[in-house]
Structure formats: C-alpha cells, structure tokens
Amino acid sequence: MPRSLNWWRRRRKARLLDVVRLRESFAHVATHGDELPLFFYSDLFIKHPEVRELFPVSMAAQRGHLVDALVKIVSQVDSVNDLTAFLQGLGRDHRKFGAVAEHYDAVGASLLATLEHFSGSAWTPELAADWKAAYELVGSVMTAAARADEELRPAWWRGTVVAYERRAFDVSVLFVRPEPRMDYLPGQSVAIESPSRPKLWRYYSMANAPRRDGLLEFHIRLIDGGAVSMALTSAAIADTELRLGPPVGALTLSDPVSGRDLLLIAGSTGLAPLKAILDQVAALEQPPRVHLFFGARTADGLYDLDSLEKMAAQYQWLTITPAVSAGSRFVGETGSLPDVVARHGDWSTRDAYLAGPTEMVQEAVARLASAGMAQDQIHIEDFGWSEP
Amino acid sequence: MERALTTAWFDEESRLTPEELQTVTFPMSRLGRRGYEEEPVQGFLRAVHAEFVRLVNERTSLWQDVQRLRRRIIAGEAGGDPDGVLFGKEDAHIHAVRILSTAQVTADRYVADAQAYSSRVTEEARLRRDDIMREAQQHSDMLLEDAHTRAREAAVSALNVAPPPQTDRERQAAQAELAYLRTYSDVYRAHLRAYTEGVLRGIEEWERKEAASLQDRPQGHTDRRSIGH
C-alpha cells in the first residue's frame, strides 16, 4: 500500500523529512549540470538493459526533461496539492511510453545512486533516508494515478491513416481511424508517434468533434528538420499505423456554454482545435455567433479555406475572415493576425479561443486583454504538466 | 586575445585557462553608449560557467577515486585481499557508467548532426520552392500584363478607327485583326499552359522522389516532451 499524502503531511509536520536539507542537497548536485542525468540513465540502463528500449536513440532532450521534472518536484515539495496534480499527470502520461510499476523501483534505485555519487562527502544516512522517502512518495502518486487511469482507458490507441491529403507545400491533412474508438472533447489533442520515428511523440489537435464513424482529422505542418512532422506530412504515411496517446488539453468550450458569442483566432494549423470547436457549436441547439479569423503567411497557407467558406455559407451564425502576412499577394485582409482582429472592432464581450504559433498567440492575447477582455474569457492551450 | 568571441569556448577540446581570464578583452559598445557589448560578455560568462561545471565534475570524480582507494588501502592493511585494493566491483560499475555515458553523448551528437543536416536540406528545398513560385508568378504576371496591354490597344483602335458605314475592305481588315488577336491569345494561352504544366511536373517528380526516399530511410530525432522517469 503506497504511503498517503497524510503520511507525507504528518512526516513534514514532525520534521522527519527535512525539506530544506533536500533542497540544499539538490542545489549541490545540480551544479553538475548534464552529468547528473547522464549518470542516472547510464546507471539505469546498465542495471536494467530492458528499460533502454522505452527511450529514443538520442537522449539529449530526455536528460533535459528529467532535470526539469526534478527541479519542479524539489521546488514544490512543500506545496503538496500542486505537486500531486503534476505527478498524477506525469504518471498517466508515462503509460503510453510503456512505463510499468516495476520500472519505478529501478528508477528510484538509480536516482539514489546518482544523488549519492554526486553528493560526495555530503551524503549521509539521514539525507539518503529523506531522498528515499521523497522518491517513494513521488513514485506512489505516479503509479496510483497510472493505475486509476488503466481502469478508464488504454495506454495508447492504434490509429490507421485511412486518408492523406496534401493541402499546401508544407501542410497535410490526415484522417485516422483509432482503435478502439476514442472519446474526447473538441479542442483536445493527442500525442502521435509515427512508425518510422519510434519513441518520438508530438502533440496534434483533432480538427473535428467526435464523429459517428470515429475518424479523427489532423492538420500537420512540416517543420524544417522536424522528424515527426516530416514523417507525417510525407505521402508515405498513407495506410500506416500510428500510435496515439490519450486526449489531453483544456482548450475546450465551457460546460455549460457561457452564452457569450465566440471569437476564434487561428494561425496556420492552429486552426485544427478551433475547427473542432466549430463542429461542436454547429451541433448546439442555439449556436452563439462565431467569428473565425484564419491567418497564414501566404494565401497558399490558408489550406482549409474552402471547407471553412462552405461552412460559413451554410451557417448564418458563422463569419470567416481569412488573412495573410503583409506583403503577400492576397485578395482580402493582410497584416499580422492580431492587427487584423483589432481592426474588426470590439470583441470584449466575447469568449476568445486562440491557437497557432506561440508568438502570434501571445501577441493576440495581450491585445485582447488590453482592449478590455477579462482573463477568464480568453482560452489558449495550456499543457500544464507536459509543457516542454 | 585571439580566441575571444568565438564559439571555440564551447567545444569539448578547447578549455578556458586562467591566463585567458587575465587577458580577455571585450569590444566597446557603439558610440553613445558606455561599456562593453553585451553579447560577448554574456558568451564569456557562459564559457566560464561551463568550465566551472567541468571542474566541479572532475573534482568530484577525483575525490571519489581518492576515497575509494583510501578505503581499499585500509581494508588491505586489515588483512584483506591485496589485489582488491586497486580494483573493486564498485569501480567496475562506475567505469561502465562512464563508458556508456560517453557512448550515449556520441550517439546524441550523431543524431543532432543528422537532424541539423535534414533541417538544412528542408530549408533549402523550401527556399528553392519559394524562388520557383516567385519566378512563375512573375512570368505569369508578365504574360497577363502583355496580353492585357495588347487587348486594350486592340479595343481602343477598334473604337477610334471603325466608323459606322464600313466598306467591305474595312470589314475585311477588322476581321483580319480579330483573327490575329484570337491567334495571339491562343498562343499566349498555350505558352502559359506549357509553362505551368512544366512547373507542376517538376513538383510531382520531386514529391514522388521524396516519398520513395522516405520509405527507404528511417531516421532518429529527439522528442519535444517525453518526460524522463
């Protein structure tokens, strides 16, 4: 039986677990930089070679993730509620990587060996006991969340690519059939692993609300040198089988709906989650008014304009404004998307949903806020615990 | 100092020396502002930090060696196995960890190189594609502009020249001009079509090659958010 949070609180209160000592110890070993995770993974793989295959060939990014997670855990070790939510997410997230309960013991042993190795003369039996207790708590919260998640859904879904369309030079649209059927909220995303790039997962949003046939639509933009996006935008992806992680994300309509009209701002393939929300709105009995701004660098990048215009012709509550960057040839709005949105009037009474390149989204959010839109009316994707 | 302001500081091989700390110079910032240029100073501080991390690691590793040897010697004096003084099981494990770590870092570098190469190739392809598109666009603009100018000229001359009562001769001339214009427009259209088809063929060919080469060639890459255990 894993130790409970109450046990942790009691122990903290009784000063049996010295948080200050843990932090000092971590600050000391952290001066070793990349050597720390390097030692940890090498120790783990030597003692448990079978664990190696759960990881990608290059471990460089992985080492960064490990240190980031440790930093977060150590810095939040005395705010139990925040830490618990983070660890539960981490535990559920690790199911798709193939992590099982036995791995947690192996990881704990290697983590302690690593800390001992880098602590030098500062390593004492008391410190070892503190670290051991802290790791046991971390591991028990993660495994408990993973176990609870097992009751609800698979660790990952098989997803067959049933259709592939190249819409622009660097944008493809995939239709994927998940097995078993996947339930999710419009606006959510899943991590995708392509068969040609094992152990590399990237998040993509479903571009449709759940359909009767269960198909998922994904919009993929080719990133220069991006291994997963290159595989997914290539014609060779047709008919292959992907792996899909569980749906995550909170870029979803409030439930019940707020009653306010909607402002949707999509840059490039940031359109996907917002199109799923459009799908959902279209099924409402009394749809709110929706204004969708869809921006891209060039007219070529407005890869889904045809289907959006069809929707706009069909639904009178929907208005579409496409826009491209200044200096591009386009019959319509040109300029930066936040500028174009601002030119179209006062949006402060609407609920705004934004997705797309980070800079564009940040700029647009700042403009909406300064134009008087309240924080709780602005919705952007927040991966929280799984933010890179 | 000669080695200043290069990325050489970040290389594994070139180490920062105490001498360099004494002789380092920085360029002054532009006129109107006092002090050094910020970026070279920041770069230098990063190099000093990297050097410190390395020194700390080396120091720890040496300290551990000393401790281990001291323990063994004490054990040896107490009647232990004298051969075990220098080499123990623990040493072998630490040694193995170091070898595996070095191998992993080498593998990471290969993957990073391959990824940088692939990124460069895609970027070049993208730029080349933009060039081709721009060129095609200019070509088509030119053709359109030309056709437009000629059509306007034809219309203007038709308005100005043709008086209501036309002689047979004049009608014949007008028909001849009309025929000429039609031919002209057909020729332009044919040109435009051939050019556009050429470009499209090029793109399809490229796509086909890309699909074929991607099928043969599996690659590796690092992920953006798979968090370690």
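Values in this text are rule-based calculations from the coordinates and carry no lab data. A quick note: this is a predicted structure, and the numbers were derived from the prediction, not measured. All Cβ positions, glycine included, derive from the backbone under ideal geometry; neighbour counts span all protein chains shown.
Can you pull the percent of Cα pairs in segment A:124-224 with separation above 25 Å? All intermediate terms of the calculation are to be shown ahead of the outcome.
Numbers: 1981 of 5050 pairs.
Cα-Cα pairs of segment A:124-224 separated by over 25 Å account for 39 percent.
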Using alpha-carbon positions, what is the distance between the centroids of segment A:71-120 and segment A:300-325, in Å?
46 Å
Rounded to the nearest 0.05, FRET efficiency between A:D224 and B:D168 (Cβ-Cβ, R0 51 Å) equals 0.15
Along the Cα-to-C-beta direction of A:A238, a point sits 7 Å from the Cα; which residues of segment A:168-193 have their amide N less than 20 Å from that point?
A:168-178
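Could you calculate the FRET efficiency of B:A112 with A:Q286 from 1/(1 + (r/R0)^6), where r is the beta carbon distance between them and R0 is 51 Å, rounded to 0.05?
Values: r = 54 Å, r/R0 = 1.05.
So, using R0 = 51 Å, E works out to roughly 0.40.
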Simple label model, 7 Å out from Cα along Cβ direction - B:R208 to A:D213, nm:
2.9 nm
Summed residue charge, Cβ within 13 Å of B:G198's Cβ, Lys/Arg positive, Asp/Glu negative:
-2
Rounded to the nearest Å, the spacing of the alpha-carbon centers of segment A:141-165 and segment B:108-125 is 31 Å
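At a Förster radius of 22 Å, what calculated FRET efficiency corresponds to the Cβ-Cβ distance of A:E363 and A:T298, to the nearest 0.05? Walk me through the numbers on the way to the answer.
On the way: r = 19 Å, r/R0 = 0.88.
Calculated transfer efficiency: 0.70.
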From the cross-link list A:K96/B:K209; A:K72/A:K96; A:K96/A:K132; A:K47/A:K199, which pairs have alpha carbons spaced over 24 Å apart?
A:K96/B:K209; A:K96/A:K132
Want the number for B:R59 to B:T25: 0.36 nm per residue separation, take away the alpha-carbon distance, what's left?
9.4 nm
Taking the Cα atoms of the protein assembly as shown alone, what are Rg (to one decimal) and Dmax (as a whole number) in Å?
32.0, 133
Cα-projected label distance for A:A30 with B:T149, points at 7 Å along beta-carbon direction, nm:
6.9 nm
When B:R98, A:R243, B:R208 are ranked with the fewest other C-beta atoms within 10 Å first, the list becomes B:R208, B:R98, A:R243
List the aspartates and glutamates whose Cα lies under 16 Å from the Cα of A:K310, skipping any in the same chain that are fewer than 8 positions away.
A:D279
